[in-house]
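Visitor: Got a structure here, written out as structure tokens. Questions coming.
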Amino acid sequence: MADSGLYSSPCQKFEVINPNFPCDSASNGHFNRPRHISTSIAISPLSSPPLRSSDAAFDNLGGGDGRRKSWKKLKSEDLGVSTSKISRPTRVVLNGLRKRGFEVYLVGGCVRDLILKRVPKDFDVITSAELKDVLRTFSRCEMIGRRFPICHVHIDDTIVEVSSFSTRATRFGRFLSLEPEKPVGCDEQDYIRWRNCLQRDFTINGLMFDPYAKLIYDYTGGVNDIRKAKIRTIKPANLSLTEDCARILRGVRIAARLDFRFSRETALAVRKLSATVLRLDRGRLLMEVNYMLAYGSAEASLRSLWKLGLLEILLPIQAAYFVRTGFRRRDKHCNMLLSLFSNLDKLLAPDRPCHSSLWFAILAFHEALSAQPRDPLAVAAFSLAVHNGGDLSEALSIARRISKQHEISFDELLEPKYMKSRELLDEVKDLAASVQSSLRHMTDDYFVSQAMAKYPKAPYSDVVFFPVALYLKVCKMFECVGGGAEKGFVPKNGSKIDYELLAMGSLKEVRHIFARVVFDTIYPIDKYIDD
């Protein structure tokens, strides 16, 4: 398939960077790569003639959710989307397939993020090539997935996901849905793209971007929903979320990250089908919760999970805390748990995540404080001892020099009182033991199942998706406080965060961020300024 035939104007010659990918003029042909090689090649036109209404919209064609919509193809430049924002590994994949005559598009969340001027977490490619052709094109490539197979193409240290238009989701060897009828007046290329969009979750993820023609195809009203900051399923919400319950958690994650809201129909379906997420295996649940809590939108994610009735299913211990403290579903104010994650969010971003051990440690720490409130001085000394690897004498010495006012609105913090050194030391060690106990509780299915037992209307959940390896890693973080200073441990100096080490779970980096988050929660920055 050398050319899609959609654009009849002749090919143009222009200067591009090798590999053969078109640049926006504003980028001056420069990408983030080791060296620049310019060459002139003939490819599909970078700019299309003004779109007539017959070209731009296919009126009177039905959308995926049964409503009548306009199908649109929009100039990417009109939406502020620049091809210079596409990562170099993705360019290599796009150009490699296109040079072999296949159609290639960017699809899904990366197109949404480009429209929103955000840095995409990753780029997904869809092509007219069969997956076996993708395997032949790239030397470092493997096919994964049984229900919906895709290719993982390895470029340098990056994995680019490539799917094929010819692939359809199956279960037990059967196609999941009937072939949608081709609408009258629809050409084959539009039909293929539209049919693929119907398999996707939300309208804002149902966009396709042709970076060569610089056109964005919108068959489901995704661009309009982006403008409205709305998350809406492509198919009727009950059907869509029943087909794939993972879409429930994905929707919460997207809403929290983008500060979007669910459409009424989608929100009602999420609440109705919330318990179906328990069908997912524990590894998938951990992955989805990690996406929510480790990428800079943890506070918003926890609020959404609570509002939609999902927190009591995924994290019953934390849900019980919300109920116990009278935190309503739509409350806007903060409590200590949300404040801890708000301070964590300030240090993270979609392209700068933390390891799951950090947010798991924060959950356990807060649960320990919620069960037994503590003197803020003891909490500060505990966080300092975690940071320095268990040097309690240094931690207590620094803590005693704190003269700032602690956050008085948290019930987890007692009114300060004077404590002798031995008493303070014992309090810090007791807090360390409580945190370790909380870790055991959060990984004990019986304890988890009893967390909401006092509330008969709450759904039953005993799901524990924290693996043993993660539990042991977090135990390692805290055991130095009660068991004595770690030999050879050198605490981190300075405030600069090494995000690569943080994502890998470096003990030094995770301890540093944990102490920083706890300290900033107990003694908020604005209180420093006031003083």
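Visitor: Fully extended, how many nm does the chain gain between TYR418 and ARG264 (0.36 nm per residue separation, minus their Cα-Cα distance)?
Guide: Full extension of this stretch gives 50.1 nm more.
Visitor: Taking the simple approach of a point 7 Å from Cα along Cα-to-Cβ for both TYR499 and ARG271, what is their distance in nm?
Guide: 3.7 nm
Visitor: Report ³J(HN,Hα) in whole Hz for each residue of the range 348-359, in order, from the Karplus equation J = 6.51 cos²θ - 1.76 cosθ + 1.60 where θ = phi - 60°; Gly and Pro get x.
Guide: 10, 7, x, 9, 9, x, 10, 6, 4, 4, 5, 6
Visitor: Please state the Cα pair-distance histogram of the range 395-522 with 10 angstrom bins from zero: what percent is in each bin?
Guide: In order of increasing distance, the bins hold 9, 30, 35, 21, 4, 0 percent.
Visitor: 5 Å is the cut-off here: which amide hydrogens, built 1.01 Å from N in the peptide plane, fall below it relative to MET208, excluding neighbours closer than 5 in sequence?
Guide: Counting only residues 5 or more places away or on other chains, the set is TYR217.
Visitor: Now, a different point. Where a ≥ b ≥ c are the square roots of the eigenvalues of the C-alpha gyration tensor, would you call the range 269-411 rounded, which needs a/c under 1.5, or, failing that, prolate if a/b is larger than b/c, or oblate? List each step's numbers first, then the result.
Guide: Values: a/c = 2.25, a/b = 1.67, b/c = 1.35.
It comes out prolate by the Cα gyration axes.
Visitor: Moving to a separate point now. In whole Hz, what ³J(HN,Hα) sequence does the range 491-502 give by Karplus (6.51, -1.76, 1.60; θ = phi - 60°), x for Gly and Pro?
Guide: Working through the residues one at a time gives x, 5, 9, x, 9, 5, 9, 8, 5, 5, 5, 4 Hz.
Visitor: Moving on. Using each residue's phi in the range 78-93, evaluate 6.51 cos²θ - 1.76 cosθ + 1.60 at θ = phi - 60° and report the 3J(HN,Hα) Karplus result to the nearest Hz, with x for Gly and Pro.
Guide: Each residue of the range 78-93 in turn: 5, 9, x, 8, 10, 5, 5, 7, 7, 5, 4, x, 5, 4, 4, 5 Hz.
Visitor: Just flag the trypsin sites (Lys or Arg not before Pro) in the range 392-461 sitting in loop per DSSP whose Cβ has no more than 10 other Cβ atoms within 10 Å.
Guide: Those satisfying the criteria are ARG401, LYS417, LYS420, LYS454, LYS457.
Visitor: Can you order the peptides 331-340, 219-228 by their average number of other Cβ atoms within 10 Å per residue, highest first? Could you put the intermediate results ahead of the total?
Guide: Details: 331-340: 17.9, 219-228: 20.5.
Final packing ranking: 219-228, 331-340.
Visitor: Place the peptides 150-160, 353-363, 93-103, 201-211 in order of packing, highest mean first, counting for every residue the other Cβ atoms within 10 Å and averaging per peptide.
Guide: Most protected by this proxy first, the peptides run 201-211, 353-363, 93-103, 150-160.
Visitor: Using 28 Å as the Cα-Cα cut-off, could you pick out the over-long pairs in LYS73/LYS307; LYS75/LYS230; LYS272/LYS454; LYS75/LYS228; LYS230/LYS473?
Guide: Long pairs (Cα-Cα over 28 Å): LYS73/LYS307; LYS230/LYS473.
Visitor: Where only protein heavy atoms count, and the probe is 1.4 Å, what is the accessible area per residue for the range 404-486 in Å²?
Guide: 57 Å²
Visitor: Measure off 7 Å from each Cα along the Cα-to-Cβ vector at LEU239 and LYS132, then give the distance between these two points in nanometres to one decimal.
Guide: According to this spin-label approximation, the distance is 3.3 nm.
Visitor: Cross-link list LYS72/LYS121; LYS121/LYS492; LYS85/LYS214; LYS72/LYS235; LYS346/LYS492: which exceed 22 angstrom alpha carbon to alpha carbon?
Guide: Those over the limit are LYS72/LYS121; LYS121/LYS492.
Visitor: Taking the Cα centre of each part, how many Å lie between the range 379-394 and the range 75-129?
Guide: Between the Cα centre of the range 379-394 and that of the range 75-129, the gap is 47 Å.
Visitor: Next question. So, with +1 on the Cβ of K and R and -1 on the Cβ of D and E, and no other charges, what is the size of the charge dipole of the range 235-329 about its Cα centre, to the nearest 20 debye?
Guide: Once rounded to the nearest 20, the dipole reads 240 debye.
Visitor: How many nm is it between the label spots at CYS475 and THR158, if each spot is 7 Å from the Cα in line with the beta carbon?
Guide: 4.0 nm
Visitor: If you take the square roots of the eigenvalues of the alpha-carbon gyration tensor of the range 285-344 and sort them as a ≥ b ≥ c, do you get rounded (a/c under 1.5), prolate (a/b over b/c) or oblate? Mind showing how you got there, number by number?
Guide: Working: a/c = 1.81, a/b = 1.23, b/c = 1.48.
Since a/c reaches 1.5 but b/c is at least a/b, the shape of the range 285-344 is classed as oblate.
Visitor: Reachable aspartates and glutamates from LYS117, Cα under 19 Å, same-chain residues fewer than 8 places away excluded?
Guide: Filter leaves ASP24, GLU77, ASP78, ASP210, ASP218, ASP225, ASP259, ASP351.
The values are calculated or read from the model by the stated rules, or taken from the named source; none is laboratory data. This one's a predicted model, so the numbers in the text were calculated from it and none came from an experiment. Cβ coordinates were reconstructed from backbone atoms using ideal geometry, including for glycine residues, and neighbour counts include every protein chain displayed. The protein model used for the area step is the full one, side chains on, heavy atoms only, and it has no ligands, DNA or RNA in it. Shrake-Rupley method; radii C 1.70, N 1.55, O 1.52, S 1.80 Å.
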